[in-house]
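So the structure is just underneath, and the comments pick up after that.
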Amino acid sequence: MQKSSKSIAVLPFVNMSNDVNNEYFSDGITEEIINALTNIKELKVIARTSSFAFKGKQVDIRKVGKQLNVATILEGSVRKAMNRVRITAQLIDASDGTHYWSKNFDRELDDIFKLQDEISLLIANEVRNNFGHFDIQDHLVTEVTSSIEAYELFLKGRYYQLQWTPDALREAINYYNKAIEKDKNYAKAYYANLQCFGLLAAWGYMPYQEGIENAERNFLIAKELDTQLPEYPLSFVGKTFWGEWDFKSAYGYIEQVLAINPNHIDGLEAMAELFIAHGLFDQAENYARKLLDVDPLSANNHYTLAHIHYYQKDFKTALTHVNRALRIRPDLELAKHLQALCLLWLNKKEEFENATKNNPLYQLQTILFQVINENNQSLSETLIESWKDVDKERSQLAPYELFILANTAHKAEAFNLLKKYIEQRRGQIINYRQDPLLEPLKQFEDFVNLHTSNFSIDDVSELNVEKANNKLIIDPTEQIALKKKLVDYIEDETPYLDSQLNLKFVADALEIHPNKLSYLINEVMGVNFNEFINQYRLKHFKSIALKPELKHITILGLAYDSGFNSKSVFNTFFKKSEGVTPSKWVQLHSI
């Protein structure tokens, strides 16, 4: 996949606090900056899962950039003490490891949201200064609570939620509730509780009705507080899609999520799953590929792509992708299940046995392998009798009993069982129309009537077509006038001699919006902001580098006097422009 120059990965900020328990805070700051940057539609931002794959590791930035397919890496640290926070951030060119921007921030904790907004805007501007135009909003972070105590408790809850274990989810709920006690209007805490309760109920780790009631209670409060968050339409997706199989409504809600954030991981995954359920595999793969573009180290995303190939009976390709998922996360049970099915269809008996031998479902998996590959069509009466109430078991990872019955002489029993599962809206068989193991049941006339989807390809608006954006256009007459105004200002006022000069400063001086100036420099003049300014710095350096009265100043000192603030940036830009190193140029022109 081609790398976009307008792309960034935010690596987990290092906790530099004396208290190791402040890890939640540095993780939270990292995630908040990732979320803020994703608000910029033309900037590719790597999702949290992939960025946090490098947490606590010594990494080569160039290798990270290649692995994540990004041009820029942001790394930093957080030191929190009492009511103060110090954040250090630096941007690195992933192609060569050059540090081209760094800054320290010391603030009162009460200003944390303003600080996150300031950092995110500075980062976005620096990426634009170096890699090309995109529009940046005036603000990327808004204050979500007036209580810093509530915010810290929310970050602690988020820290536990992202561990995705039953105990951790319960601990997350505990912290979210404490956050709500501090701020009754904290919408994000209610939405987070909703997700945690929903997962605990769906996974069977708390009474289902109790979990759903708690989820709904939190939702009813959250929706009165804020419906502009992507969590609001996302709250309906689980209910309409997985709970009710109301696919048309689910599609509408997923669209709303992606309208708020086009790279929302849960929204992209839900859209891929929706298309899979309807056998629209090209469309499903488009979304799966986009998932992998912004979150390439997510085991779940590789699993999703594997599933698309599995349902098309491309078992070899599916196995390749599911193996990648398991290399990233060996404990992903759904991926283990899909791996077993791929090996089953490919009749790789030894590999199948190695993959399933420690699985609690090993016996059922072995029977299914024998049914498919060894023509074992008969099942004992005792075995079938033991499955008579299998439709009442809600915690199945996969419906192996159904698969076995469907591929033996017991297809009638399989059809009746499938009918019960569909009436129950079982998530495990939501893709039953595409499942190769259920293909034998299509011989029944009523198969097509088991469920009629209310969604079709005709309901898809502007499928796989970029929606028209109101991209800034400057007419030719204005272009000439603005370009002259810009050049006159740069040449007359020499602002380039200030090493801290940025695009916003120049835009304010010219009294135009930064987005308009960025468009003019990048799209009309064909260079990025830093290249444009460094041309003047280079010209100034060359004008003073040969002066006899300045011979006592080093080349680097002269570069700094010309406005450059980095030795590596100066040397790289000089050699790219002149074809030789600065010292060689001075030597050649001193003769």
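Since every read-out is calculated from the coordinates, none of them should be taken as a lab result. The model shown is predicted, which means the values in this text are computed figures rather than measured ones. Heads up, the Cβs are rebuilt from the backbone with ideal geometry, glycines too, and the neighbour counts pull from every protein chain shown.
Could you tell me the relative contact order of the range 7-143? Use alpha-carbon pairs under 8 Å, at least six residues apart, and round to a whole percent. It comes to 25 percent, rounded to a whole number. For the chain, the relative contact order works out to 10 percent when only alpha carbon pairs closer than 8 Å and six or more residues apart are counted. Taking 10 °C and 1.306 mPa s as conditions, the range 476-589 diffuses translationally at an estimated 106 µm²/s according to Stokes-Einstein applied to its Kirkwood radius (Cα pairs). If R0 is 60 Å, the Cβ-Cβ spacing of N354 and R84 corresponds to a FRET efficiency of close to 0.65. The charge dipole of the range 476-589, taken about its Cα centre with unit charges on the Cβ of Lys, Arg, Asp and Glu (plus for the first two, minus for the last two), comes to roughly 540 debye. For the pair L588 and D492, label points projected 7 Å from Cα toward Cβ lie 3.6 nm apart. If you take all other residues with their beta carbon under 12 Å from the beta carbon of E439, and give Lys and Arg +1 and Asp and Glu -1, the sum is +3. Our coupling estimate for the range 8-22, obtained by passing each phi through the Karplus curve with A = 6.51, B = -1.76, C = 1.60 and θ = phi - 60°, is 8, 10, 9, 6, x, 5, 7, 7, 9, 6, 5, 8, 5, 6, 7 Hz, Gly and Pro reported as x. Amide H to amide H, with H built 1.01 Å from N, V14 comes under 5 Å of G76, S77, V78, counting only residues 5 or more places away or on other chains. Among the trypsin sites (Lys or Arg not before Pro) in the range 477-575, those placed in a DSSP loop whose Cβ has at most 16 other Cβ atoms within 10 Å are K551.
Loop-located trypsin sites (Lys or Arg not before Pro) across the range 319-359 with a Cβ neighbour count of 11 or fewer within 10 Å are K357, with loop assigned by DSSP.
Indicate the helices, whole DSSP H runs only, in the chain that combine a mean Kyte-Doolittle hydropathy of 0.5 or more with a Cα extent along their long axis of 24 angstrom or more. Result, helices passing both filters: zero.
Taking every alpha-carbon pair within the chain, the share separated by more than 42 Å comes to 35 percent.
Label positions at S102 and A259, each projected 7 Å from the Cα along the C-beta direction, are separated by 4.5 nm.
Near the amide H of L361, within less than 5 Å, lie no amide hydrogens of residues on another chain or at least 5 residues away, with H placed in the peptide plane.
Taking 0.36 nm per residue of sequence separation and removing the Cα-Cα distance, the N323/N185 pair yields an extension gain of 45.2 nm. For the range 7-143, report the % of Cα-Cα distances exceeding 28 Å. Within the range 7-143, distances greater than 28 Å cover 11 percent of Cα pairs. Sparse packing (at most 11 other Cβ atoms within 10 Å of the Cβ) combined with a DSSP loop state is found for the following GluC sites (Glu not before Pro) in the range 478-514: E511. Computed about its Cα centre, the charge dipole of the chain is approximately 1860 debye, with only Lys, Arg, Asp and Glu carrying charge at their Cβ. Treating r as the C-beta distance of F444 and I384 and R0 as 22 Å, the FRET efficiency rounds to 0.70. For the range 146-229, what is the relative contact order in percent, using Cα pairs closer than 8 Å and at least 6 residues apart in sequence? Reported relative contact order: 25 percent.
Computed about its Cα centre, the charge dipole of the range 146-229 is approximately 120 debye, with only Lys, Arg, Asp and Glu carrying charge at their Cβ.
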